[in-house]
Amino acid sequence: MPGLLLDTLRGKRGERVPLWLMRQAGRYLPEYRALRAEKGGFLELVYDSEAAAEITMQPIDRFGFDGAILFSDILIVPYAMGQDLAFLAGEGPKLSPPLVDSALASLEAVPGRLAPIYQTVRQVRARLSPETTLLGFAGSPWTVATYMVAGEGSRDQHAAREMAYRDPAAFQALIDAIAAVTVEYLAGQIEAGAEAVQLFDSWAGSLAPREFERWVIAPNAAITAAMAERFPGLPVIGFPKGSGEKLPAYARETGIAAVGADETLDPAWVARELPAGVPVQGNLDPLLLLAGGERLASGARAILEAFADRPHVFNLGHGIGQHTPIAHVETLIETVRAWRR
């Protein structure tokens, strides 16, 4: 039997609202910190399938979330496309060569770099109960491209935005290449046991409206269509962070099964403006979870009330912060699970 989360992503409304948290397998958990200290750096953990499966399971074992999300990273796709990837302490991820200085054609793909991720999925699926939905994921092409062009993260995605204006044909070729690898990557996760997948477009908010149409909506629509053809009925969650007033168009035009809303959006507005029946995921501010107190419980209940008339997956507006107290997560879980339609 499918779990509550999978049913909700397919458009069903239950009495209880399912719950999982972006970045739930991570540094706020003492068991994660202990395993990372034992195993080494972040990329080493991602490529140790046994360790990555254990990390994926840690929040499930501790909290019993309705969904387990694969422990990996969105930059595995450019790594498989041939860029070198390193995570440097205090500096974040680095990709080389950056495509602002090099051509896409100069990269030599290494598809074998995806295989350990599939092994992680298989190991997690073997450990999960049928009631817990296993979520795979990938970065959306625009967000992945911003890292590939600059070779690192940036505050305003300047290098990618300029390339998209200066040489749209070359940038389109990059977006198309990322989309093609992403479809295969998500398909591999699904074949290994993922029951739904999420597309993270973390930097969607940096684009002007016409550019958003071309570099966010169009490639996400292409990926969603390809997934629907290969895996009919399998939900794809789209999370275009920072999209603001463009979110309803994203929901209408991508064909996405469920839409993630970030914390800057009024949930009442989201509930009113999204197409009827489209499941929504979100959208508690991660900093409210960090702060805790009575405002945490009241804020969670306000979101639950706002989305009471449509399928809703409770989540944060982005990833959980590393300094978030365990007790605050427990309070949130109690609040969400006590609420009934």
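The values are calculated or read from the model by the stated rules, or taken from the named source; none is laboratory data. Nothing here was measured: the structure is a model prediction, and the numbers come from that model. Here the Cβ positions follow ideal geometry from the backbone for every residue, glycine too, while neighbour counts run over all protein chains shown. What goes into the accessible areas is simple: the full protein's heavy atoms, side chains included, and nothing from ligands, DNA or RNA. Shrake-Rupley method; radii C 1.70, N 1.55, O 1.52, S 1.80 Å.
Between residue 278 and residue 305, how high is the FRET efficiency from 1/(1 + (r/R0)^6) when r is the Cβ-Cβ distance and R₀ = 22 Å? Nearest 0.05.
0.75
Charge dipole of the chain (Cα centre as origin; +1 on each Lys and Arg Cβ, -1 on each Asp and Glu Cβ, all else neutral): 660 debye, rounded to the nearest 20. Computed on the Cα trace of segment 203-320, the radius of gyration divided by the Kirkwood hydrodynamic radius gives Rg/Rh = 0.99. Amide H contacts for residue 283 (H built 1.01 Å from N in the peptide plane; partners 5 or more residues away or on another chain; cut-off under 5 Å): 315. Take the Cα of residue 109, go 7 Å toward its beta carbon, and the backbone nitrogen atoms of segment 184-198 under 16 Å from that spot belong to 184-189.
Residue separation of residue 129 and residue 16 scaled by 0.36 nm, minus their Cα-Cα distance, works out to 38.8 nm of gained length.
Each label point was placed 7 Å from the Cα along the Cα-to-Cβ direction; for residue 228 and residue 184 their separation is 2.4 nm. Each listed q (0.13, 0.21, 0.27 Å⁻¹) maps to a log10 I(q)/I(0) for segment 27-87 from the Debye sum over equal C-alpha point scatterers, namely -0.37, -0.86, -1.18. Available extension along the chain between residue 102 and residue 295 is 64.6 nm, counting 0.36 nm per residue and deducting the alpha carbon span.
Membrane-span-like helices of the chain, defined as complete DSSP H segments with a Cα extent of 20 Å or more along the helix axis and a mean Kyte hydropathy of at least -0.5, are identified as 49-63, 168-192.
For residue 132, the shell of other residues with beta-carbons less than 14 Å away shows a net charge of -2, using +1 for Lys and Arg and -1 for Asp and Glu.
Accessible area per residue for the chain, computed on protein heavy atoms with a 1.4 Å probe, is 40 Å². For segment 176-231, trypsin sites (Lys or Arg not before Pro) are listed when DSSP marks them as loop and at most 11 other Cβ atoms sit within 10 Å of their Cβ; the list is empty. For residue 14, neighbours were defined as the other residues whose beta-carbon sits under 13 Å from its Cβ, and their charges (Lys and Arg +1, Asp and Glu -1) total +4. Site pair residue 340 and residue 38 shows an inter-label distance of 4.2 nm when each label is modelled 7 Å from Cα along Cα→Cβ. With a simple spin-label model that places each label point 7 Å from the Cα along the Cα-to-Cβ direction, the separation between residue 88 and residue 210 comes to 3.7 nm.
Treating the Cα atoms of the chain as identical point scatterers in vacuum, please give the log10 of the normalised Debye intensity I(q)/I(0) at q = 0.08, 0.09, 0.12 Å⁻¹, two decimals. With one equal scatterer per Cα and no solvent, log10 I(q)/I(0) is -0.35, -0.44, -0.82. The Cβ shell under 15 Å around residue 323 holds other residues with a net charge of +2, Lys and Arg each +1, Asp and Glu each -1. Share of carbon and sulfur in the accessible area of segment 114-266 stands at 53%, probe radius 1.4 Å.
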